[in-house]
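Notes to accompany the following structure.
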Amino acid sequence: MSTVPASLHPSPAAGYDSPYEMLTSCHERVERMLGLLERLSEHVTRHGADTNARSAAADLLRYFDLAAPHHHEDEERHVLPRLEAHGHAALAERLRGEHRRMDQQWRALRPLLVTLTEGHAPAQGLHDVAGFAALYRVHIAVEEDEAYPLTRPGLDAAALQAMGDEMARRRGVR
């Protein structure tokens with residue numbers, strides 16, 4: 001199994017001046033990280049907590065501990081309120097609930113990855129990776145196919161700039 005250190009993973013192609021494109025780019029990175037998680041799960045079963053497994057686990061911890069929560073907060077601050085304002089409260093609540101479920105599932109997976117970074121293969125392997133990945137993938141599809149198209153139209157350049165500025169500010173980016 002080959003892993004790439006998190007610092008070598010490309011940042012989203014879009015910047016804060018294009019917040020919806022940035023959200024979509026983040027989804028592409030989530031997909032790559034989910035693929036890494038799935039490969040890691042298979043790898044650990046065959047090879048245990050070798051160097052590649054430890055490196056991949058560290059990459060996953062960095063991503064899902066830092067970038068993923070920022071992304072969910074971006075959506076909860078900027079996309080979901082617009083859904084509600086445009087009469088799509090049920091969709092907003094669904095996506096909010098999925099964020100909570102993904103967070104719960106991550107909290108169950110996280111200790112197993114920490115164990116791997118410490119050089120020990122979890123006794124039960126990386127359980128429920130498939131459920132975590134499936135939930136994320138369905139969630140991403142709904143956001144890109146429904147939520148973003150419903151909330152992006154009508155936002156002028158100033159509103160998009162304010163959205164991007166807030167996203168950058170929360171991350172400490174100037």
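The values are calculated or read from the model by the stated rules, or taken from the named source; none is laboratory data. Please read these numbers as outputs of a predicted model, since none were measured by experiment. Methodologically, a virtual Cβ is constructed for each residue, glycine included, from the backbone with ideal geometry; neighbour enumeration extends over all protein chains shown.
Summary table
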| quantity | calculated |
| --- | --- |
| Scan of segment 20-53 for residues that are acidic (Asp, Glu) and assigned to a helix (DSSP H, G or I), ordered by number | 21, 28, 31, 38, 42 |
| Members of segment 137-156 that are at pLDDT 95 or above and of a type in the set (A, V, I, L, M, F, W, C) | 138, 140, 141, 142, 147, 150 |
| Subset of segment 135-149 (residues that are farther than 18 Å from residue 103 by Cβ and of a type in the set (Phe, Trp, Tyr)) | 148 |
| Entirely in segment 79-174, the helices (runs of 4 or more DSSP H) that have 3 or more residues that are among the β-branched types (Val, Ile, Thr) | 89-117, 129-142 |
| Residue count for segment 38-92, restricted to those that are of a type in the set (Ser, Thr, Tyr) and in contact (Cβ under 8 Å) with a residue 60 or more places away in the chain | 2 |
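Residue by residue, here is whether (1) over 20 Å from residue 49 (Cβ atoms); (2) free of Cβ contacts under 8 Å to residues at least 40 places away in the same chain; (3) of a type in the set (Val, Ile, Thr); (4) surrounded by 13 or more Cβ atoms within 10 Å (Cβ to Cβ) holds:
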| residue | (1), (2), (3), (4) |
| --- | --- |
| 105 | yes, yes, no, yes |
| 113 | no, no, no, yes |
| 117 | no, no, yes, yes |
| 123 | no, yes, no, no |
| 137 | yes, no, no, yes |
| 146 | yes, no, no, yes |
